[in-house]
Every structure is written in C-alpha cells, then in structure tokens.
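*Asks:* I have a structure here, written as structure tokens, and I will follow up with some questions on it.
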Amino acid sequence: MDRLVCLGLSHRTAPVELRERVGTLGLGTERCPGVEEHVSLTTCYRVELYAYLSEGVEQAREELIAVLAGTHGVDPSLLTDHLYVHAGEDVARHLCRVSAGLDSLVLGESEVLGQVGDAFSQARDAGTTGPALSQLFRTAVASGRRARAETAIGANAATASSMALALAEGVLGNLRDHRVLVVGAGRIAVQSLKAARGRGVTRIAVANRTHERAREVVGLFGADAYGLEQLAEALTWADLVVTATASESPVVTAETVEAAMSRRAGRALVLVDLAVPADIERSAGVVPGVRLFDVDDLRAGLDDTIGARLAEVPSVEAIVEDEVESFGRRYRELEVEPLVASFRQRAEAIRRQEVDRALRHLGDLDPETAERIEQLSRALVKKLLHEPTVRLRQQAASQDMDEVVASIRELFGPPAPRDP
C-alpha cells in the first residue's frame, strides 16, 4: 500500500498566495513516469494530488515535488516547506476525513463531499484513474455520505453564506418565493448565489461595481444584473440582500435603503452584511421595515452550530475508521488480482492446449460437437477456479499478501509452457 501517496497544501499549512499560485496539483503522467494513476482535488482551502506509483519507484516524494515545482514555476524548497505528505493507509484516512468535513475550515461543511466526487469524475473522464484510486475515492465518498446520513455533523447552516440565508428565513420564512439580491461578485458572493439556488430560490440578482463582472457571474446562475448606480432600484426589487464586497467603505447607505423602503408598499427587507469592513451603514438597520444582520450575528450562530457539530466528531471518526478498514481489505484484494489473472491465463492456456489435443485425436467433428467440447472445457475451468479464487481474495484481505502469493507460487509453480 506504500505505492499510494497524497501531496497537498491547505489552509492549515500554506498561505493563500501559494495555494492560489499552485492552483491545482495536477500533472500529466508523461511528465512523471513513476505515476500510474493520479487525481487532483481543488477546493477553496486546499489543493491536493493523489497518486498511485509504479512498483519499485524510489524517492517518489522528491520526484513528484520536482515535477510539481517545474509545472507551476514554484521553488521546490517553497513547496517542501508547506507541503504535507501521506502514504499508504493514511491516504485513505485523510481523504475520508476530508470528504466527511472533518478537515474543513468550517467543521462538517457539505460542499467538500461534492468536490471530492467531482475530482474523481474529472480524473476518470481524463483517463488518469485506475483500480487503486477508483477504490480510494469511492471509499471516501461513501465515508462522507455515511457521516451526513448517520450523524448530525452536517446539521444546520455552517458557512457564512448558508448562515446568512438561515437568518433571513427566520424573518421571511421559506425563501423559495422571495427575491434575493447579492451585492458583490467575489467568492463569498458566488457561494451565496449557490446557497440560494440550493434553497430553491429562482428570482436572483447580482449588483456589482462593474456591470460586466456582474453579468459574468449571473451568466452562471441565470440571474439579473445591476450596477451599483442602480442599487436603489435593486433594493426596491429584493426581499433579501446579501452583501459581500471588498470595499473599504459602505456601499449601501441608510439613505439609499430609506429611499427604497418608501417604494416597497410595506414589504419587509432583510439585509445581511458578510463584509469586513462593513458594506452596509449600521443606521440602515433602524429604517422601519428593515432587519439588518452583520458578521457578529453570523458568528454567534456559527459558534452554536460548530459546538453542536463538535459533539458529533467521535461518531464521524468511527465511520472514517470503519471505511478505512474496509478500504484496506478491498485494496489488498485488488493487489492480488494480477495473480488471479495470471492463473486464469495459465488455466486458459492449459484448457486450450488440451482441447486442441483432444480435437486432433478425435479427427473430423461436426462444428456443433466441437463447440460443445469447448463449452464443457470452459465450464470446468471456471468452476474449478471459482472457489480457489474466492479463498485467495479472502486470504489476501486478512493476511500478509506477500506470504499468500509466495505460498501459491510455490504450490503451482510458473505457468506451464504451451505444447507445440
């Protein structure tokens, strides 16, 4: 299992500048012949490379670092200082914890499970996966699904965007039939749009300083676009406004809010400010009909949520260990497959040899009789090999595979040569 490795940078080990520069730890197999399979996983807070190495590769970590550094134009020593490396069973344990939300910036967040699945799908479509990493990623996805189905690790909102919508629902009720305006077009703004779509909201708009960037973002969500000069009009339209810009001063003034409220015919307006420094003037919260939430309100809600999720961690860790153990068994079974294939090939060669010999001795036979002899021989081989194959896989899953392989080779010897 030491052929299985993971190299990564995350919010725990590397500054955002390095993570953004690397972007993805992807590499082509032609640039690293020692890699048989690889999958790149990229999230908001991590970039990781999962690889299955060719047998007998020495100093794989150094080779991979050199390839990655050259690919992304990064000093190898800079990568080494911030890179974490897992090998063998620890790779499965790490990816299962990632998929279950235990290694996220926000404990238990659910988005990472989909990102793990997407990374595997993309690698499979690109042809860079094989039996080993396919088994690894299926195990990780199963771990993440079990964690969310069997525990409350993913209960309640736990990201700034989802918490913003949860606070708004406390005032407006179900958001499905309400209008949501997002001010800003950065990462948090996009997350807010995704969260709104996830709640079934269909009427969505984006307001941004540059109208072109707003149109670019809304193109992904089928939303309407506003420039900041149209903010009063957008506030009149919306029921919920989520702000997440990088402005150094408020972009939503109390005066603009008051003007919008005068044209809303008494409809309530919820404002949620996710920005630091604030995007919305505090005095906007005292305008009649307006409810304003800021990052302090979100932090209080997140603290309560994270506290409840922390109590679920032991249960999730138990699920992870169960899946890692299952992966170990399946992986060892996978490693014995070349031996199984070898003996099936040996049996097929012997079968073909003996059938040919019998047909020569029997002389001219009609095609139907010859085909029946072929079918009989195949059925005999299949049934004779079935039980030993099952037992071999069981032994490989429960014992040291090298001992199992050595014993079988000693019993059966090398493949018999084919008769001329």
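*Asks:* Can we say residue 206 is assigned to a helix (DSSP H, G or I), among the hydrophobic types (A, V, I, L, M, F, W, C) and closer than 16 Å to residue 274 by Cβ?
*Replies:* no
*Asks:* Also, I was wondering about something else. Residue 389 - would you say it is modelled with pLDDT under 75 and either assigned to a helix (DSSP H, G or I) or at positive phi (or both)?
*Replies:* Yes; evaluated as a whole, the condition is true for this residue.
*Asks:* Could I ask something else about it? If you go through the range 1-20 one residue at a time, how many are in a helix (DSSP H, G or I) and of a type outside the set (Lys, Arg)?
*Replies:* Within the range 1-20, residues that are in a helix (DSSP H, G or I) and of a type outside the set (Lys, Arg) number 4.
*Asks:* Considering 112, 91, which residue is under 23 Å from residue 319 (Cα atoms), part of a helix (DSSP H, G or I), under 11 Å from the mean Cα position of the chain (by Cα) and among the β-branched types (Val, Ile, Thr)?
*Replies:* Numbers: 91 fails: under 11 Å from the mean Cα position of the chain (by Cα).
Exactly one of 112, 91 is under 23 Å from residue 319 (Cα atoms), part of a helix (DSSP H, G or I), under 11 Å from the mean Cα position of the chain (by Cα) and among the β-branched types (Val, Ile, Thr), namely 112.
*Asks:* Give the residue, chosen from 214, 232, 196, that is in contact with a Phe, Trp or Tyr (Cβ under 9 Å, 6 or more places away or on another chain), in contact (Cβ under 8 Å) with a residue 12 or more places away in the chain, assigned to a helix (DSSP H, G or I) and farther than 16 Å from residue 169 by Cβ.
*Replies:* Checking each option against the conditions leaves just 214.
*Asks:* Still on this model: Given the conditions (1) more than 19 Å from residue 181 (Cβ to Cβ); (2) assigned to a strand (DSSP E or B), which single one is not true for residue 325?
*Replies:* With (1) more than 19 Å from residue 181 (Cβ to Cβ); (2) assigned to a strand (DSSP E or B) applied to residue 325, the lone miss is (2).
*Asks:* Take residue 333 and tell me if it is surrounded by 16 or more Cβ atoms within 10 Å (Cβ to Cβ) and part of a helix (DSSP H, G or I).
*Replies:* yes
*Asks:* Going by what's in this entry, would residue 180 be described as in contact (Cβ under 8 Å) with a residue 60 or more places away in the chain, touching a Leu at 6+ places or on another chain (Cβ under 7 Å) and closer than 16 Å to residue 271 by Cβ?
*Replies:* So residue 180 passes the test.
One line per residue, one yes/no per condition, for (1) within 18 Å of the chain's Cα centre (by Cα); (2) assigned by TED's automatic domain parsing to the domain that holds residue 201; (3) touching a residue at least 24 places away in the same chain (Cβ under 8 Å):
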| position | (1), (2), (3) |
| --- | --- |
| 133 | yes, no, yes |
| 138 | yes, no, no |
| 143 | yes, no, yes |
| 147 | yes, no, yes |
| 164 | no, yes, yes |
| 167 | no, yes, yes |
| 170 | no, yes, no |
| 173 | no, yes, no |
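*Asks:* Something else about it: It is to be established whether one or more residues within the range 287-303 are in a helix (DSSP H, G or I) and more than 30 Å from residue 256 (Cβ to Cβ). Break it down stepwise before answering.
*Replies:* Just the residues of the range 287-303 that are in a helix (DSSP H, G or I), to begin with: 295-303.
So of that shortlist, the ones also more than 30 Å from residue 256 (Cβ to Cβ) come out as 303.
Yes: one or more hits.
*Asks:* Out of all the residues in the range 264-281, which are surrounded by fewer than 16 Cβ atoms within 10 Å (Cβ to Cβ) and under 24 Å from residue 185 (Cβ atoms)?
*Replies:* Those that are surrounded by fewer than 16 Cβ atoms within 10 Å (Cβ to Cβ) and under 24 Å from residue 185 (Cβ atoms): 276, 277.
The values are calculated or read from the model by the stated rules, or taken from the named source; none is laboratory data. Since the structure is predicted, the reported quantities are computational estimates derived from the model, not experimental observations. In this analysis, Cβ positions are derived from the backbone assuming ideal geometry, glycine residues included, and neighbour counts consider all displayed protein chains.
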